[in-house]
Amino acid sequence: MLWTAEHAPAVLEAYRQITATAPEELTAWLDLLHFPGADPMVAVDVTHLGGEDEARDLLAALERLPRPLSDGRRVMSVAEIGSITAEPTDPGPGLSRAELLTGLDDTAAKALLADPIAPLLSAQLRHLGGAFARPSDSPHGPLSEPYALHLFGIPADPATAEAVTVRQRALAEALPVSGRKPFTFLSPRETAADAFAPATLDRLREIKHRHDPHGVIRGNFPVLG
């Protein structure tokens with residue numbers, strides 16, 4: 001569902017209401033969008049693994065908002081889920097920054113909407129919880145933070161790249177971030193130490209030395225280095 005940016009406060013409030021009580025079958029993202037040459041917009045992307053009537057009941061707060069510019073909600077197969085956000089699948093340049101938020105209270109909501117997101121293309125809130133928050137023996141452990149924030153811009157030139165980085169930093173500093181990063185959203189400026197606790201990183205390094213001393217298995221964010 002897509003609205004003009006003038007409705008962003010109301011859309012964000014509805015999003016907060018929905019995610020505060022959302023069952024595990026419902027996933028909701030909120031996107032503040034500002035594409036070059038277009039007016040700023042706000043969108044909500046949702047997936048409900050269940051019946052259509054139940055989904056509409058869970059999303060009733062959205063139904064009370066002004067009519068959106070577009071509403072693409074429909075019954076779809078699991079194979080189509082990847083098309084919901086209409087994100088490009090071809091590679092392209094971009095600058096990303098991701099944070100985990102400890103909450104989305106009135107102060108955080110006000111900070112998120114205080115200024116236009118430009119030169120960013122998107123500021124995306126992803127509701128977590130559910131299986132993410134349950135006990136886990138994975139290196140990262142459970143995601144107790146209720147939201148993830150993803151900030152994205154295109155570095156068209158050095159000046160724009162710097163402006164994107166500055167805007168990302170300003171937003172992150174204004175919001176209640178937990179201080180750790182989701183590993184799969186690390187940027188080139190970050191390392192595995194930004195995602196894992198020191199004790200976890202030590203354990204991963206010991207496993208790496210023991211089972212792969214010659215560095216045959218490699219990744220973008222190695223635990224060694």
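The values are calculated or read from the model by the stated rules, or taken from the named source; none is laboratory data. The structure presented is a predicted model; accordingly, all values stated were derived computationally and were not measured. Positions of Cβ are generated from backbone atoms using ideal geometry, with glycine treated the same way; all protein chains shown enter the neighbour counts. The protein model used for the area step is the full one, side chains on, heavy atoms only, and it has no ligands, DNA or RNA in it. Shrake-Rupley method; radii C 1.70, N 1.55, O 1.52, S 1.80 Å.
For this structure, a couple of remarks:
- Equivalent ellipsoid semi-axes - Cα gyration tensor, the range 124-225, angstrom: 28, 21, 11
- Using C-alpha pairs under 8 Å with a sequence gap of at least 6, the mean separation divided by the residue count of the chain gives a relative contact order of 20 percent.
- The range 112-225, accessible area per residue, ligands and nucleic acids excluded (1.4 Å, Å²): 57 Å²
- Compared with the alpha-carbon gap, the fully stretched path from Asp202 to Thr107 is longer by 30.5 nm at 0.36 nm per residue.
- For Lys181, distant residues with modelled amide H under 5 Å away: Ala195
- Remark on Ala156: its backbone amide H falls under 5 Å from those of Ala161, a criterion applied only to residues 5 or more positions apart or on other chains, H modelled at 1.01 Å from N.
- Note on Ala193 and Arg64: their simple-model spin labels are 4.9 nm apart, each label 7 Å out from Cα toward Cβ.
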